[in-house]
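Let me begin by presenting the structure, written as structure tokens, before commenting on it.
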Amino acid sequence: MDTQVGIVGAGPAGLLLAHLLGREGIDCVVLEARSREYVEHRVRAGVLEQGTVDVLTETGVADRLHREGMVHRGIQLRFGGEGHRIALSDLAGGRAITVYGQQEVVKDLIAARLDAGGPLEFEAGATEIDPDGGVIRYGDGSDELRCTIVAGCDGFHGVARAAVPADALTVYEREYPFAWLGILARAAPSSEELIYTHHERGFALHSMRSPEVTRNYLQVAPGEDIEAWPDERIWEELQTRMALADGSFALNEGEVFEKGIAPMRSFVAEPMRHGRLVLAGDAAHIVPATGAKGLNLAVADVRVLARALAACFAHGDESGLGTYSERCLRRVWRVQHFSWWMTAMMHRLTGDPFEARLQQSQLDYVVRSRAAATTLAENYVGLELEDV
Ligand SMILES: Cc1cc2nc3c(=O)[nH]c(=O)nc-3n(C[C@H](O)[C@H](O)[C@H](O)COP(=O)(O)OP(=O)(O)OC[C@H]3O[C@@H](n4cnc5c(N)ncnc54)[C@H](O)[C@@H]3O)c2cc1C
């Protein structure tokens, strides 16, 4: 074998796996289709669960995260023109979230990998994977990497999941009848905490990346053309949806320097292992972004996988690999449910008045009942790995 673990994809899942395996002295090679520049600037998630921060801290890649990340102990739910704080930390045993861009996590992990001298090949996309033989073909197709284990960390559109025979995989999927238009703007945050807004015109989210940069989202139609949304229209719509009834709130506006539309989808492919191939992160599952879970779920998979591989290579103990899929899927489905629940509660759905009244009742209950708010809080900050 050329390497013990061949890792396909240098997103959060693949890079963190390489980092954790490197610390265990396990040999691995990371193959990434895109350039370093591209992956370090790809704007995606930005909310890190407590458990994600803990694993990055314990393994020595969180110095910048602790300097620049913003710890949040609550979020606001806004509906009917009023804001209601959900006190995450009070309700969830002191746990908190940290706002720190996914691309910053990626930069930190790439730096750690290169400092450690570990192989990390950019612009070396896998073209074909043999899950039984443990072979990855990459580049122009003539390069070959032979591995004891192949870790498919190549995201939703990668080649790893497609390498599993269709009759060995069960797929569960739901497309939502809306998408998110997201912007990054040079504007100071307008609130100390994230604001999730339910409005008759659709969902809106006010988030941030730093004291100078805000990240805002709008619910839009799935096939929406970004050209139909000039900056002025985006700001106007955000201001309308996020307004408070007493007129006391206005979003800070600024230069929009990034904008895009992302679909909202729930997806799970089971099992997450076939032969020598294991899947982790978006390669195996996708959640709608409302629960801020995609990146965190990728990290949770990788923590389970790294321990299983360490036991396998150190003592020939394959029991962890044997239960890898089952252990991950328990958390995946908990997170799927939470993300679906948050999505269904916060968005404008079909316009059906009965549905709208149910949503209203659910929102009222979440902000009035400590039990309901606790359910939201403990899922949002992230359940302990051992609890699911
Ligand atoms: C457009 C978009 C916006 C998002 N926004 C949010 C958000 O606002 N909030 C939130 O919580 N979550 C968001 N997510 C989800 C979150 O970013 C993902 O869950 C997270 O990136 C998963 O990490 P990953 O490592 O599993 O996959 P990815 O980050 O997708 O990494 C996969 C890597 O594999 C590489 N790759 C693909 N094919 C190959 C191949 N054949 N060979 C080698 N490499 C390959 C890719 O270039 C990529 O670097 C978003 C996702 C997307 C796609």
- Among A124, S369, G275, whose Cα sits farthest toward the positive end of the charge dipole of the chain (+1 at Cβ of Lys/Arg, -1 at Cβ of Asp/Glu, about the Cα centre)? S369
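Among 234-243, 180-189, how do they line up from the highest to the lowest mean number of other beta-carbon atoms within 10 Å? Show your work: numbers first, answer last.
Values: 234-243: 18.2, 180-189: 20.0.
The densest-packed peptide leads the list: 180-189, 234-243.
Might you report the magnitude of the Cβ-based charge dipole of the chain about its Cα centre, with Lys and Arg at +1 and Asp and Glu at -1, to the nearest 20 debye?
Magnitude of the dipole: close to 900 debye.
Taking the DSSP beta bridges in the chain as the whole, what percent of them are antiparallel, to the nearest 5? Mind dumping the intermediate values first?
Details: 53 of 71 bridges.
Restricted to the chain, the bridges split so that about 75 percent are antiparallel.
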- Message: Residue by residue through region 225-237, what is 3J(HN,Hα) from phi via Karplus (6.51 cos²θ - 1.76 cosθ + 1.60, θ = phi - 60°)? Round to whole Hz and write x for glycine and proline.
- Response: 8, 4, 5, 7, 10, x, 3, 4, 5, 4, 5, 4, 5
- Over the chain, average the accessible area per residue using a 1.4 Å probe and give it in Å², no decimals. 43 Å²
- Message: As I understand it, the value is the acute angle between the Cα axis of helix 12-23 and the longest principal axis of the Cα atoms of the chain; what does it come to in degrees, rounded to 10?
- Response: 50 degrees
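Once Rh for the chain is found with the Kirkwood sum over Cα pairs, what is the Stokes-Einstein diffusion coefficient at 25 °C and 0.890 mPa s, in µm²/s?
Values: Rh = 21.6 Å.
Answer, rounded: 113 µm²/s.
Grab the DSSP H runs of the chain that are 4 residues or longer, score each as -39,500 (n - 2.57), total them, divide by all residues and round the 222 nm result to the nearest 500 deg cm²/dmol. Please list the in-between numbers first.
Details: 11 runs with 140 residues, N = 388.
Theoretical 222 nm ellipticity from helices: -11500 deg cm²/dmol.
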- region 70-137-region 229-291 distance, computed between alpha-carbon centres (Å): 14 Å
- Query: Counting other Cβ atoms within 10 Å of each Cβ, which chymotrypsin sites (Phe, Trp or Tyr not before Pro) in region 125-175 have at most 16 and sit in a DSSP loop?
  - Reply: F156
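In whole percent, and with a 1.4 Å probe on the protein chains, what portion of the accessible area of region 258-388 is carbon and sulfur? Numbers along the way, then the final one.
Numbers: 2780 of 5440 Å².
With neighbouring chains kept in place, the figure for region 258-388 is 51 percent.
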- Query: Roughly what angle does helix 353-368 make with the longest principal axis of the chain, taking Cα atoms, 0 to 90 degrees, to the nearest 10?
  - Reply: 80 degrees
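For region 116-205, compute Rg over Rh where Rg is the Cα radius of gyration and Rh is the Kirkwood radius from the inverse mean 1/r over Cα pairs.
Numbers: Rg = 20.7 Å, Rh = 17.8 Å.
My calculation of the ratio gives 1.16.
Kindly sort E144, E270, E175 by accessible area of their heavy atoms, largest first, with the probe set to 1.4 Å. Display every interim value, and only then the final one.
Values: E144 90, E270 45, E175 110 Å².
Putting E144, E270, E175 in descending order of accessible area: E175, E144, E270.
Order these peptides, 85-94, 222-231, by their mean beta-carbon neighbour count within 10 angstrom, highest first.
Descending mean neighbour count gives 85-94, 222-231.
Can you pull out the GluC sites (Glu not before Pro) in region 1-98 whose DSSP state is coil and whose Cβ has at most 15 other Cβ atoms within 10 Å?
Values: sites: E24, E32, E37, E40, E49, E58, E68, E82; in loops: E24, E32, E49.
Here the GluC sites (Glu not before Pro) that fit, given the DSSP loop and packing criteria, are E24.
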- Item | Equivalent ellipsoid semi-axes - Cα gyration tensor, region 1-67, angstrom | 22, 18, 9
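Calculate what fraction, in whole %, of the accessible area of region 19-105 sits on carbon and sulfur atoms when a 1.4 Å probe is rolled over the protein chains.
Taking all protein chains in place, region 19-105 shows 41 percent carbon and sulfur surface.
How big is the dipole moment of region 338-386 about its Cα centre under a simple scheme where the beta carbon of each Lys and Arg is +1, that of each Asp and Glu is -1, and everything else is neutral? Debye, nearest 20, please. It would help to have the intermediate numbers written out before the result.
On the way: 4 positive and 6 negative charges, 53 e Å.
About 260 debye.
What do you get for chymotrypsin sites (Phe, Trp or Tyr not before Pro) in region 323-388 restricted to DSSP loop and a cutoff of at most 13 other Cβ within 10 Å of the site's Cβ? Before the final figure, lay out the partial values.
On the way: sites: Y324, W333, F338, W340, W341, F354, Y365, Y380; in loops: none.
Those that pass, being in a loop and sparsely packed, number zero.
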- List the relative contact order of the chain as a percent without decimals, with contacts defined as Cα pairs under 8 Å and 6+ residues apart. 21 percent
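The values are calculated or read from the model by the stated rules, or taken from the named source; none is laboratory data. Nothing here was measured: the structure is a model prediction, and the numbers come from that model. Because the Cβ atoms are built from the backbone with ideal geometry, glycine has one as well, and the counts that use them run over all protein chains shown. All accessible areas refer to the heavy atoms of the entire protein, side chains included, with ligands and DNA or RNA removed. Shrake-Rupley method; radii C 1.70, N 1.55, O 1.52, S 1.80 Å.
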